[in-house]
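The values are calculated or read from the model by the stated rules, or taken from the named source; none is laboratory data. From a predicted model like this one, the values you see are computed outputs, not experimental measurements. Note that we place each Cβ from the backbone using ideal geometry, even for glycine, and neighbour counts take in every protein chain shown.
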Amino acid sequence: MGHTVLELAADGGKAPAAEAGGAAALQLAEMTVSYGEKPAVFSVDARIPARSMAAIIGPNGAGKSTLLKAALGIVPRLSGKVTVFGEPFRQARHRIAYVPQRASVDWDFPTRVIDVVLMGLYRELGLLRLVRRRHREAALACLDRVGMADFAERQIGQLSGGQQQRVFLARALAQGADLYLLDEPFAGVDAATEKAIIAVLKSLKEAQKTVLCVHHDLATVIDYFDHVLLVNVRKIAEGPAATTFTADNLQATYGGRLASAHIDQLKLPA
Ligand code: ADP
Ligand code: MG
């Protein structure tokens, strides 16, 4: 079971007991997803180790967002099995927090920042959705972790993209999950926000949580992540970043879309 948000807020997250048998945090078996005739994701196997900082990498339209959404059951799978910490997805879904790609959220509806974070506490609020003082304090503690406590009463729609991204991360923290799935958390954010987000993600890893991000910036892969999954509809390669994030695998993933001059500039493992 995941820890409650109150514990998470109080001590920054405690290590869960070791997973029996070293089960992967997320395992996909032969997952195929199609919106039309051609599959967006084809027969992908993946094994994201528990307690890793992992990245899904691939060109635009490679099916990265689709992969996450299909793993979560947000879009239907044609085939494939999803296992979370060794359990079928249904049994373990409460252990997962998801931060969607920011562009996909439209905030015309007026919502305060604090209420967005309180949404992450829905499991704690009970049937009547009664927000008590301790819930509010827990939500504020999560906002504080992302440097947004001063914005609690603001309307989410009035914040910058980077500030919104931090609030969504705070909502994920409020869930007290063990597995955090984030779709391009650094896309279009300012440098200060990027630093704040990566610091929180690293603290999650230190607290024995698992983080899996769709990530677009090849220049930061080696600094940020220890496990990579390279995809372009199919899986191209998966494994430790140090041995998998290689020029050959990048060429296979991006094909002609990535100039070799660009690859030469990357901080690739020796
Ligand atoms: P990525 O996140 O890697 O950029 P996506 O998973 O968003 O890629 O999209 C993969 C492919 O599926 C693309 O060709 C995209 O146009 C298509 N696609 C994504 N979402 C939908 C949808 N809701 N309906 C139809 N096609 C979609
Ligand atoms: Mg995407």
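Given the criteria closer than 11 Å to Ala55 by Cβ, more than 16 Å from ligand 1 (Cβ to nearest atom) and assigned to a helix (DSSP H, G or I), does Thr193 qualify? So Thr193 fails the test.
Regarding the range 141-164, can at least one residue be identified that is part of a loop (DSSP other than H, G, I, E, B), within 16 Å of ligand 2 (Cβ to nearest atom), under 30 Å from Ala24 (Cα atoms) and out of contact with any Ser or Thr (no Cβ under 7 Å at 6 or more places or on another chain)? The answer is no; no qualifying residue exists.
If the condition is being surrounded by fewer than 23 Cβ atoms within 10 Å (Cβ to Cβ) and more than 16 Å from ligand 2 (Cβ to nearest atom), then the range 180-192 contributes Asp190, Ala191, Ala192. It is to be established whether one or more residues within the range 238-247 are buried (at least 20 other Cβ atoms within 10 Å of the Cβ) and closer than 30 Å to Ile156 by Cα. Within the range 238-247 (the criterion being buried (at least 20 other Cβ atoms within 10 Å of the Cβ) and closer than 30 Å to Ile156 by Cα), the answer is no, since none of the residues qualifies.
Scanning the range 234-249 for residues that are among the aliphatic types (A, V, I, L, M), assigned to a helix (DSSP H, G or I) and at pLDDT 95 or above yields a total of 2. Among the residues of the range 96-112, those that are at pLDDT below 95 and away from ligand 1 (no atom under 16 Å from the Cβ) comprise Trp107, Asp108, Phe109, Pro110, Thr111, Arg112.
Residues of the range 36-68 that are within 16 Å of ligand 2 (Cβ to nearest atom) and either without any contact (Cβ under 8 Å) to a residue 24 or more places away in the chain or among the β-branched types (Val, Ile, Thr) (or both): Val41, Val44, Ile56, Ile57, Asn60, Gly61, Thr66. A Cβ distance below 6 Å, combined with a sequence gap of six or more or placement on separate chains, defines the contacts here; from the range 169-196, residues that are on the phi > 0 side of the Ramachandran plot and touching a residue at least 24 places away in the same chain (Cβ under 8 Å) reach residues that are among the β-branched types (Val, Ile, Thr) and in a strand (DSSP E or B) in the pairs Glu184/Val214. If you filter the range 57-93 down to residues that are in contact with an Asp or Glu (Cβ under 9 Å, 6 or more places away or on another chain) and of a type outside the set (D, E, K, R), you find that the one that is surrounded by the most Cβ atoms within 10 Å (Cβ to Cβ) is Val84.
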